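Single-structure report; data block below.
The values are calculated or read from the model by the stated rules, or taken from the named source; none is laboratory data. As the structure is a prediction and not an experimental result, all values here were calculated from the model. Neighbour counts run over all protein chains shown; Cβ positions are idealised from the backbone, glycine included. These area figures cover heavy atoms from the full protein model, side chains too; ligands, DNA and RNA do not enter into them. Shrake-Rupley method; radii C 1.70, N 1.55, O 1.52, S 1.80 Å.
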Amino acid sequence: ILLYKASQFFATKVFFQNIHDKELFIDNKILTEDRCDLIPGSGVDLNLFYSKPSSDDGIVRFLIVCRMLYEKGILSFVEASDFLRKKYGTKVEFQALGFLDDANKVAVSHKVMNEWVSKGLLSYLGTTKDVRPYLAYSDCIVLPSIYPEGVPRSLLEAAAMGKPIVTTNTAGCSFTVDDGENGFLCHPGSTQDLINKLEKIINLGHEGRIQMGDKSRMKAENEFSEHIVIDKYLQSLGLIK
């Protein structure tokens, strides 16, 4: 707190990506309300990330996009896969896209990931410079993170591409979902609650998922556009009103 007070003493405006962090700074008297502003994460390019419904082929594909850290809830994702694949068989698929780091103790190692893949729990897609084809192919984007985020970029991009989202009711993550409208919120650290919410996505049917994804796109257009972020910065500099 002392370091934040010292480092932000001369700041005329401090931007926060979620309301929880903003309130934390105000409650601890690090900043006053008039020096704070809220932005929707880093924002998303709505022209680059456009709505792309998945095909109706009888398979529900769940995708997690993140650094493969245990704090991101990857273990709950795998445990949910184990349960739902036993119940629904080949009608569900679980995929993971993101960086593995053997040197990081809180990250999934190549060895562990290979074990999950060999057991048929998920498909590991590696890393990519263009996430859009993977988002487009999926029916639902999942991020069961168990620690506070800013606003996860993967969820902003998922919303922009018209995908239902299942994530945890934590700072940052919950900002991307109107529960029951464009996705579902689950309890952080609860595999059972994650399973319940993923099963709701399955039972919606293809058209239900498309309708939920349309609401994600609308939310992205109204709340997550990068132009909102850019305008906030320009206003703070006095370049626009």
Could you tell me which GluC sites (Glu not before Pro) in segment 1-84 are loop residues by DSSP with no more than 11 other beta carbons within 10 angstrom of their beta carbon? none
DSSP-defined beta bridges in the chain - what % are antiparallel, rounded to 5: 5
The chain, relative contact order [Cα under 8 Å, separation at least 6], %: 23
Local electrostatic count, Pro53, Cβ distance below 11 Å [Lys/Arg +1, Asp/Glu -1]: 0
Using the structure shown, list the pairs from Lys87/Lys215; Lys72/Lys119; Lys163/Lys200; Lys87/Lys197; Lys13/Lys232 with a Cα-Cα distance above 19 Å, or answer none. Lys87/Lys215; Lys72/Lys119
With loop defined by DSSP as not H, G, I, E or B, and exposure as at most 14 other Cβ atoms within 10 Å, which is the longest segment of the chain clear of exposed chymotrypsin sites (Phe, Trp or Tyr not before Pro)? 100-241
Quick check for you: with a 1.4 Å probe and neighbouring chains kept, what is the accessible area per residue of the chain, in Å²? 50
Can you work out the Karplus-derived ³J(HN,Hα) for every residue in segment 94-108? Use 6.51 cos²θ - 1.76 cosθ + 1.60 with θ = phi - 60°, whole Hz, and x for glycine or proline. 10, 10, 10, 10, x, 7, 9, 9, 5, 7, 9, 5, 9, 10, 6
Taking a quarter of the surface of the convex hull around the Cα atoms of the chain, what do you get in nm²? 14.2
Go ahead and run the numbers for FRET between Tyr50 and Phe9, Cβ-Cβ distance against an R0 of 51 Å, rounding to 0.05. 0.75
Looking only at aspartates and glutamates whose Cα falls under 20 Å of Lys29's and that sit 8 or more positions away or on another chain, we get Asp21, Asp37
Where in segment 124-162 does the label zone of Asp57 land, with the point 7 angstrom along Cα→C-beta and an amide N cut-off under 18 Å? 124-126, 132-141
Contour minus Cα-Cα span, Asp27 to His110, at 0.36 nm per residue, comes to 25.7 nm
Cα-based Rg and Dmax for segment 145-213, in Å, come out at 11.4, 32
Between segment 76-139 and segment 206-241, what's the alpha-carbon centroid distance in Å? 29
Under the helix-only model (-39500 (n - 2.57) for each DSSP H run of 4 or more, divided by the residues of the chain), the mean residue ellipticity at 222 nm, to 500 deg cm²/dmol, is -11500 deg cm²/dmol
Most mobile of Ser76, Ser138, Ser109 per a Gaussian network model of the chain (Cα springs, under 10 Å)? Ser109
Starting from the Cα-Cα distance between Tyr88 and Asp34, subtract it from 0.36 nm times their residue separation and give me the gain in nm to one decimal. 14.2 nm
Accessible area of segment 46-194 belonging to carbon and sulfur atoms, whole % at 1.4 Å probe: 52
Among residues other than Ser190 whose Cβ falls under 14 Å from its Cβ, what is the net charge (Lys/Arg +1, Asp/Glu -1)? -2
